[in-house]
Amino acid sequence: RKEVEQDPGPFNVPEGATVAFNCTYSNSASQSFFWYRQDCRKEPKLLMSVYSSGNEDGRFTAQLNRASQYISLLIRDSKLSDSATYLCVVNTGRRALTFGSGTRLQVQP
Amino acid sequence: DARVTQTPRHKVTEMGQEVTMRCQPILGHNTVFWYRQTMMQGLELLAYFRNRAPLDDSGMPKDRFSAEMPDATLATLKIQPSEPRDSAVYFCASGLVSLGGAGNQPQHFGDGTRLSIL
């Protein structure tokens, strides 16, 4: 089983839609969690950290469920510019951050 | 904004040649990471350094890859001899990590080196 698993997608949604991605992790001792965004042929960029109580940044909401060992990212009012690959990232404390393979989002006009 | 700087941005060379990729981490960051990304494998950690000391290079093929950090402003990743299967994008990232964890702060990535081995 992979340490971090994501649905590769693609998720094709119309502009203005709400879309959610989940990511599961295998190590219950994982300590910190992030969502990164990667555009085609570009470097990954931090989108947001994920806090235990859940957190929101504009149209983006991140949630952590330690009991079920997953994190989620919700995007409201999708924009064309949200089209990208979203990487789930987990720190187990044992090695450096572990990246999921990513979920591809395509927002269509 | 401070950025991680990688050189070269692109490299095309023939198999068997030595390839050296360089990275300048963000000033003040104490941890440097090397990743490789391909369509098939996604983002793989090759090696990382904390305070210039190598902490983990288990993701790196030891026979041909080597990673060093000669000073706080420069990290290098070398492949010798290179092979076509090494073709990928190589990212360097830096971060600020406390003693207690290996990644409890987010990492900042460079633009990557796009390597093609013919």
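Computed quantities for the displayed model
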| read-out | value |
| --- | --- |
| Test: A:Leu80 is more than 10 Å from chain B (Cβ to nearest Cβ) and surrounded by 14 or more Cβ atoms within 10 Å (Cβ to Cβ) | no |
| Filtered residue count, region A:35-53, keeping only those that are farther than 15 Å from A:Ser101 by Cβ and surrounded by 14 or more Cβ atoms within 10 Å (Cβ to Cβ) | 8 |
| Residues being outside any loop (DSSP other than H, G, I, E, B) and surrounded by 14 or more Cβ atoms within 10 Å (Cβ to Cβ) - total across region A:8-34 | 11 |
| Residue match in region A:91-101 (condition: assigned to a strand (DSSP E or B), out of contact with any Leu (no Cβ under 6 Å at 6 or more places or on another chain), modelled with pLDDT of 95 or more and at the interface with chain B (Cβ under 10 Å from one of its Cβ atoms)) | no |
| Matching entry among B:Val4, B:Val89 (being closer than 19 Å to A:Gln38 by Cβ, touching a His at 6+ places or on another chain (Cβ under 7 Å) and within 14 Å of another protein chain (Cβ to nearest Cβ)) | B:Val4 |
| Selection from region B:38-53 of residues that are of a type outside the set (A, V, I, L, M, F, W, C) and either modelled with pLDDT of 85 or more or not in a strand (DSSP E or B) (or both) | B:Thr38, B:Gln41, B:Glu44, B:Tyr48, B:Arg50, B:Asn51, B:Arg52 |
| Answer from B:Thr38, B:Thr31, B:Thr73 - the residue that is farther than 25 Å from A:Gly100 by Cα and polar (S, T, N, Q) | B:Thr73 |
| Region A:22-55: number of residues that are within 17 Å of A:Glu3 (Cα to Cα) and either acidic (Asp, Glu) or touching a strand residue (DSSP E or B) at 6+ places or on another chain (Cβ under 8 Å) (or both) | 13 |
| Pairs, first at positive phi in region B:3-17, second not in a strand (DSSP E or B), C-beta under 6 Å, six or more apart | B:Gly16/B:Pro81 |
| Residues within region B:24-37 that are more than 11 Å from chain A (Cβ to nearest Cβ) and either assigned to a strand (DSSP E or B) or surrounded by fewer than 20 Cβ atoms within 10 Å (Cβ to Cβ) (or both), tallied | 7 |
| Residue match in region B:72-79 (condition: touching a strand residue (DSSP E or B) at 6+ places or on another chain (Cβ under 9 Å) and within 13 Å of chain A (Cβ to nearest Cβ)) | no |
| Subset of region B:54-90 that is among the acidic types (Asp, Glu) and in a strand (DSSP E or B) - its residue that is surrounded by the fewest Cβ atoms within 10 Å (Cβ to Cβ) | B:Asp71 |
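Listed here are the residues, each with its yes/no results for (1) touching a Pro at 6+ places or on another chain (Cβ under 9 Å); (2) hydroxyl-bearing (Ser, Thr, Tyr).
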residue: A:Cys40; (1), (2): no, no
residue: A:Asn55; (1), (2): no, no
residue: A:Thr61; (1), (2): no, yes
residue: A:Asp77; (1), (2): no, no
residue: A:Asp82; (1), (2): no, no
residue: A:Thr85; (1), (2): yes, yes
residue: A:Gly102; (1), (2): yes, no
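The values are calculated or read from the model by the stated rules, or taken from the named source; none is laboratory data. Quantities reported herein were computed from a predicted structural model and do not represent experimental measurements. Because the Cβ atoms are built from the backbone with ideal geometry, glycine has one as well, and the counts that use them run over all protein chains shown.
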